[in-house]
Amino acid sequence: MANETRVNLKHLLEDLRDAYASSLEEVVITELVANALDSGASNISFSCESQGRAFRCIDNGEGMNRAQLRSYHNIAATTKERGFGIGFAGVGAKLALLVAERVLTESRGKHGTRCAAEWHLQNAYRAPWKFVPFSGLIKNGRGTSVTIFLKEEKSPLLDVAFVERTIKRHFYPLIVEHAGIRKILSTLYKKPITVTLNSRIVREEIGMSQDFSVHREKSRSIVGAGFLERASIDRNFWARFLGREPRRPQDAGLKISTYGKVIKGGWEWLGLSPKNPEYVSGVVEVPEMSQILTTNKADFLSDGASLKKYYRMRKAVQAAVAPALRALGESRDEGLDLRTPAAWKPLTRDIESALSEMSRQFPELESLVGERFSVANARRGDDGSQERNHKSEINITPSESRGGNVREPTDSERDVESASGGKTLDTKGDSTKRVKKPGLSITFDAFGEKSERQLLGKLVKDIVYVNTAHPAWQTAQDLRQDHYHVVITVGLLLAEEVSPGKSAGEFLSAFLSAWSDASRGSKRLF
């Protein structure tokens, strides 16, 4: 008898369920919608049938043929690619096995092919399925129907109010009446998306709102759209007067979505907040963010390259949201003028000088500091060779939401530099000059994740992010020592990068000494 590898399917499904922050029933609903969207569906219809304990989702997507339906029952099978769509390998129907007596899937694919199959979780190690007769739930065209026959009569999947709340919470951009968001989504979906529940269209209307568009920093092309709306605080006067709880938006904060699916909510992720955060809500749709979604599509990846893209896009959203908050009268003055480029320029030069001096002792700094060549001073030597004056460079650049106005190299400039090994031809003469390398950049962000709030900052490739949500930053501002706080943060982060496994204190001591000498030499002590 041949040996076989046996997998505890129940534990596998439970582990998959635990990868999501939402309840199992919410995951089933959101994954059914996501996979319908990925299949090209424009109509997604839900029905809750309490009498038969059946929860059903029918879409008009591409459908499946018999071979595809066979593969569909493989727990590990998937045709999904990262960065394309928001579904995850038919997880909705698969996780439903944990709460279902049986799951019936019917589909109509290309050329009128029809097929149906039924499966259930028999025990921890077996999930048998079989082809069954096609019942005709899909009347015309292509599409797929998933019917979950539930074990419990009081399952949330039979609660119409629960299903509707879940759809609105996780797919708000799909059901809200907003021209800007619909225009962005029209580039992803050929037809407007309609979601129905027990034959009633699920739709959300908004009141007076402040619309905004998200622009790519370099080309100014539109990469996202959204809106903010503010609940009237004045209308809650009598509620407060009578000691009642004032009316607030159900989900205050700004949601960020991609392909119509909400990924995050609140204000912490944005690094900006209004004067009255509990009264302001909204959503922003940014399709490009799908490229850095985690496997369960519930958060963004945290590796270096993904974080860099995340912060770049968040910066663009901040730049769009800040004027909208001002228009609503919700912009809070946090002393942002302190982080203008002019205010930081002296400190920039001193850190630059300190790192340049230290690069002799720590050659690893050269890749982080970068270098620039002065075009004005490039000249020919006596022997006809070209001389160049160069020095290391570090840029302190506040995030756009904090008053900065930072220009990054254009795509064409990067292409030229890459093709020429960092050099470009001087068209006015026979000399060459180096394109300015960005070097180390420093920007400011309020870290919203709980696991990051106690970090002074983080180093992502060649960018230092100073955490303005850290209590020490607030204290430093109160004591007017925020410059020194930046120096300490830069030193500690560079110590981890330059001398891993060694004493961070030794590097920090050397860095502070070099910075102190540079500051005294320039007479820019503060």
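No lab work stands behind these numbers, since they all come straight from the coordinates. None of the values given here were measured: they were computed from a predicted structure. Don't worry about glycine lacking a Cβ; one is built from the backbone with ideal geometry, like all the others, and counts go over all protein chains shown.
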Problem set entry | Cα centroid separation, the range 200-224 to the range 248-319 (Å) | 13
For this session: Could you list, in their original order, any pairs among Lys110/Lys168; Lys10/Lys191; Lys110/Lys191 whose Cα atoms are separated by more than 28 Å?
Result: Lys110/Lys168; Lys10/Lys191
For this session: Please state, as a whole number in µm²/s, the translational diffusion coefficient that the Stokes-Einstein equation yields for the range 112-157 at 4 °C and 1.567 mPa s, with Rh defined as the Kirkwood radius across alpha carbon pairs.
Result: 100
Seminar exercise, completed: To the nearest 20 debye, the range 147-208 has a Cα-centred charge dipole, built from +1 on Lys and Arg Cβ and -1 on Asp and Glu Cβ, of 280
For this session: Report the one residue of Gly52, Val28, Tyr72 whose Cα lies farthest in the direction of the positive end of the charge dipole of the range 9-165 (charges on C-beta: Lys and Arg +1, Asp and Glu -1; origin at the Cα centre).
Result: Tyr72
Problem set entry | Label point distance in nm, Thr294-Glu49, each placed 7 Å from Cα along Cα→Cβ | 3.6
Exercise. Under 18 Å from the 7 Å Cα→Cβ point of Arg114, by amide nitrogen: which residues of the range 38-63?
Worked result: 58-63
Problem set entry | Square roots of 5 times each gyration tensor eigenvalue, C-alpha, the range 9-165, largest first, Å | 21, 18, 17
Exercise. For Glu497 and Arg220, what does the FRET efficiency come to when R0 = 35 Å and r is the distance between their Cβ atoms, rounded to the nearest 0.05?
Worked result: 0.55
